[in-house]
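What follows is one structure encoded as structure tokens, with my remarks underneath.
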Amino acid sequence: MRNGRCRLTSLKQLLDWLRGKRVHASPLASRQRLDLGEQPPAYAIYAIGDIHGCIRELIEAEHRIMSDIEASGVPGLVVLLGDYIDRGPDSAAVLNHLSRPSPQGLRRLALCGNHDEMFLRFLTDPRNAATWLEFGGRETLMSYGVNIELFQKRDRIDFTALRQLLDEAIPLSHIDFIRKMPSSLKLGSYVFTHAGIRPGIPLEEQTDEDLLWIREPFLSRGPELPLTVVHGHTPVPEPEFKPGRIAIDTCAYATGRLCVLKIYQEDAVLL
């Protein structure tokens, strides 16, 4: 390991490293960031866009990935780009599925999205993070059997009673899963993160807010670094291949289409 980076040539080496040697890449980061060196990996990467509670589409995407791995004979790592909850029909089922080992034996790495971060803040301090409810949080709570309307009188919410029910309804395994999510992964010339990066700023100087929330000026200018950023966050009708960035949030909760991007030997194709 040199200067906080690790060169790994096999999927097994990567997984061993992920288990015990994640590091903070920057004092600006509250979440872990993974930088695995400049060499492209010897395995395939399958990036999945924003899921937003769409468990059926997630399982179907994983079947496509597994079929491709079996057909190619090349091992693969699934990198999920965040926003597993809110808006869609079953956020609880998505977190339950991803927080457990894959039934198909897929190797997965879940990165954090801004909706996941908002959910965690709400669970910690619902009174001061109540704006999350208007971003799809009500649907997420309903997936856990929590009807926010029962705690609401006129314009006020009984946060004391709600907090007690949340402690009972939300599994600790789901909370721990979100808390441990990294905010980015760098592999070779590719960076995977939820929203993007601030143009022209070195990765170690990016904040978690940049990685989880940014739109402009990233969308119009790209990274302005010798990197390709694979991201979600900003919905697109079709995956966008732009200079320095690939956008794969195809708004699954509204369209039923969950995008999978395969990267192998520096080639990027839709699966």
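Of note:
- Odd one out for D83 among (1) touching a residue at least 40 places away in the same chain (Cβ under 8 Å); (2) within 15 Å of H52 (Cα to Cα); (3) out of contact with any helix residue (DSSP H, G or I) (no Cβ under 7 Å at 6 or more places or on another chain): (3)
- Within segment 107-140, the residues that satisfy the criterion of being in contact (Cβ under 8 Å) with a residue 60 or more places away in the chain, within 18 Å of the chain's Cα centre (by Cα) and closer than 19 Å to G53 by Cβ are A110, L111, C112, G113, N114, H115, D116, E117, G136, T140.
- Verdict on T250 being out of contact with any helix residue (DSSP H, G or I) (no Cβ under 7 Å at 6 or more places or on another chain), assigned to a loop (DSSP other than H, G, I, E, B) and touching a residue at least 24 places away in the same chain (Cβ under 8 Å): yes
- Set side by side, the residues K186, K153 differ, and just one is surrounded by fewer than 18 Cβ atoms within 10 Å (Cβ to Cβ) and basic (K, R), which is K153.
- Within segment 178-204, residues that are closer than 17 Å to L261 by Cβ and modelled with pLDDT of 95 or more have Cβ atoms under 7 Å from residues that are aromatic (F, W, Y) and surrounded by 21 or more Cβ atoms within 10 Å (Cβ to Cβ) in these pairs: S184/F192; L185/F192; G196/F218, counting only partners at least 6 apart in sequence or on another chain.
- Residues of segment 91-98 include none that is in contact (Cβ under 8 Å) with a residue 60 or more places away in the chain, over 30 Å from Q164 (Cβ atoms) and over 13 Å from the mean Cα position of the chain (by Cα).
- Taking the criterion of being part of a loop (DSSP other than H, G, I, E, B), over 14 Å from F192 (Cα atoms) and modelled with pLDDT of 95 or more, the residues of segment 18-63 that qualify are I51, H52, G53, C54.
- L211 over 22 Å from R257 (Cα atoms), surrounded by 15 or more Cβ atoms within 10 Å (Cβ to Cβ) and under 14 Å from the mean Cα position of the chain (by Cα): yes
- Filtered residues of segment 33-87 (kept if under 23 Å from G136 (Cβ atoms) and surrounded by fewer than 18 Cβ atoms within 10 Å (Cβ to Cβ)): R56, I59, E60
The values are calculated or read from the model by the stated rules, or taken from the named source; none is laboratory data. Keep in mind that what you see is a predicted model, and the values were worked out from it rather than measured. In this analysis, Cβ positions are derived from the backbone assuming ideal geometry, glycine residues included, and neighbour counts consider all displayed protein chains.
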